[in-house]
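Enquirer: To start, I am sharing the structure in question, which I have written as structure tokens.
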Amino acid sequence: MVTMEPIFTDSSAHPERLSGQLHTGRVRLVSDRQSDASFLIHHFLSFYLRARCKVWFLGLVQSFNHYSAVSQRLGVSLAQAKEKGQLVFLEGLKESLSVLIPQDTNTGSKAMDFLRDPAVGLKSLYEFVRSSVSSSGSRAEGAEEWGPLVLLVDDLSVLLSLGVSVGAVLDFSHYCRATVCSELQGNVVMLARCDGEEEEGDGDDEGSETLLKGLTHQCSLTLHVQGLPTGFCRDIHGQVEVCWRRRQGDGQSTQKKLFQYKVHDKGASFFAPGTSSAVL
Amino acid sequence: MLTELLQGTDAGGFLIIQDSASYSGRHLLKSFINAALHREEAVHVLGFEVSEEELKDGLIGASIHRLHFHNAYTDPLGWTHNPAFTVHQFCSEGVTQLVKQTSQSKPATLVIDSLSWILRHVGPPAVCKTLQQLRKGGAVRAIIGLLHADMHQRGTVGSVCHMATSVITVAPGMKGDEAVAKITKRSKSGKVMQDEEIFSFKEDFTVVVQNRPSQLGLKQTETEERETDPTANLTFNLRLSDTEREAKEKLALPFVFSKEKKTALLHSGRGSGRILYEPDANDDYDQEDPDDDLDV
């Protein structure tokens, strides 16, 4: 039933609660506009690790230690998960060094090769994802069996800043979806960020707006994080608009829901607008 | 008009469903596929955007075997070693071959999901050329395409839609279930018909068209205001009797320049004062010759 897994502490307003069942084959897009939705990425990371899923994390913006430190607060040890083979982490920043500072003993993967020539596209990055995701299927004897695969990408907008075209990023996300969701029956969670106001018309073709629209068309659930329209508030850090794009099997008609959230030290809490514990 | 379109596009027809990030047109596309299958037509789907499973989800029935899904979803760009159908194979020969391979003698309905995917990789002129060739080719009876209008420039969307015989633009409606469809249909005679309808879906992908949306959106039903008589319930009399009303209407207002006043001024009546003037020598004052001594 549930496609929304965040931890609801003041959850009396929501009919969706954590169910034992994890949906597969879904693509969730986490996006933000002039805000920071990375707390949702940290949340999903720790959630899926706790749910004993095999997690494949494409971390392009922060180092492994950063995610590790945050996850520690959320009660999950990334280093341990990595050791056990539950988490496969591509540290984009580290890998890119081998491209930017080429050395003779270069045994690095071809993942970040697009940095050399962004016009070429993200085929090599996809091939890297595919090969390591598929190879994770063949486990060693006696290894633990994990749940469905989850691919987390943080984040896709940085690829635009690195010179990759919007079309190439959309192709990459399409291929990830085809491989992870359809072929391997896993889930994909991607983060895409927007800096400016929402623009109308065909002004900037190669912008984060077009990327966001393209990704929205591809996914089944979007979580759009924004600041409160009325301004800064100490107790409510912003709002999340959840949008279900595909119709649910049971013909659920609700398509959009708005929640407000507050980020704590140990996670985030979500509540219906106006029901913040500071207000009630 | 939506129901008419669902009942069948004419041969050579090209229908475009335009959607946006706020509302997906794929559901309506599936309704069209469903309707075509029920009409016992062979339907060929060029699936770039969603997998076969996802597209066929919900389309149950005996006629599903008439739906041929050409998988351009797993590898549309040829990144793996044996792609089924790539976006670069989208040309009139490639598609015709694909359709003829699996179809019987009857021309099929071609469904493209989505045109946006192809437009991103193959330029608009090539896409338009292919579509035109397919329409004239004869292998394909009708074409239905899904287009994400917010993914392209307006010019691109305009050029592709210009080729279409019907364009349906879908947008979210007021209530959760409903959606609004703006339909433009061009008939062979050149007549263009436009319509706007609110519709929703039933479980089996049939479309239920509701009433047309009112121009002002949520119209508040105004109760007729009964005219209240201000002269009632007073301690003094504000009403006029008939004679009083007559006298009131007859009264000429003092500063109104009516026709009667005008004639009275122009034609002075008998007995009124008259002014007789005889010009005096002293009054004959010429501005230009004050001393009256110029010999002009």
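The values are calculated or read from the model by the stated rules, or taken from the named source; none is laboratory data. Nothing here was measured: the structure is a model prediction, and the numbers come from that model. Cβ: placed from backbone, ideal geometry, glycine included. Neighbour counts: every protein chain shown. Accessible surface areas use protein heavy atoms only, side chains included; no ligands, DNA or RNA. Shrake-Rupley method; radii C 1.70, N 1.55, O 1.52, S 1.80 Å.
Enquirer: Specify the residue that is nearest to B:MET151 (Cα to Cα); the eligible residues are those in the stretch B:28-82 that are open to solvent by 10 Å² or more (accessible area, probe 1.4 Å) and β-branched (Val, Ile, Thr).
Expert: B:THR74
Enquirer: From the set of residues in the stretch A:44-55 that are part of a helix (DSSP H, G or I) and open to solvent by less than 20 Å² (accessible area, probe 1.4 Å), which is farthest from A:GLU241 (Cα to Cα)?
Expert: Taking the stretch A:44-55 as the starting set, the residues that turn out to be part of a helix (DSSP H, G or I) are A:44-50.
Retained after the next criterion (residues that are open to solvent by less than 20 Å² (accessible area, probe 1.4 Å)): A:44-46, A:48-49.
Values: A:PHE44: 17, A:LEU45: 20, A:SER46: 21, A:TYR48: 21, A:LEU49: 25 Å.
Per the criteria, the residue is A:LEU49.
Enquirer: Show the residue pairs meeting these rules: Cβ distance below 6 Å; 6+ apart or different chains; first residue within the stretch A:164-185 and farther than 17 Å from B:GLY47 by Cβ and in a loop (DSSP other than H, G, I, E, B); second residue among the β-branched types (Val, Ile, Thr) and open to solvent by 10 Å² or more (accessible area, probe 1.4 Å).
Expert: From the stretch A:164-185, the pairs are A:GLN185/A:THR24.
Enquirer: In the set A:LEU223, A:LEU191, A:LEU228, which member is surrounded by fewer than 16 Cβ atoms within 10 Å (Cβ to Cβ), more than 11 Å from chain B (Cβ to nearest Cβ) and at pLDDT 85 or above?
Expert: On the way: A:LEU223 fails: surrounded by fewer than 16 Cβ atoms within 10 Å (Cβ to Cβ); A:LEU191 fails: surrounded by fewer than 16 Cβ atoms within 10 Å (Cβ to Cβ).
After ruling out the rest, the residue left standing is A:LEU228.
Enquirer: In contact (Cβ under 8 Å) with a residue 24 or more places away in the chain, more than 25 Å from A:GLY121 (Cβ to Cβ) and open to solvent by less than 10 Å² (accessible area, probe 1.4 Å) - does that describe any residue in the stretch B:18-27?
Expert: Yes, the stretch B:18-27 has at least one match.
Enquirer: So which residues in the stretch B:126-170 are more than 17 Å from B:LEU46 (Cα to Cα), open to solvent by less than 40 Å² (accessible area, probe 1.4 Å) and part of a strand (DSSP E or B), if there are any at all?
Expert: Across the stretch B:126-170, the qualifying residues are B:SER166, B:VAL167, B:ILE168, B:VAL170.
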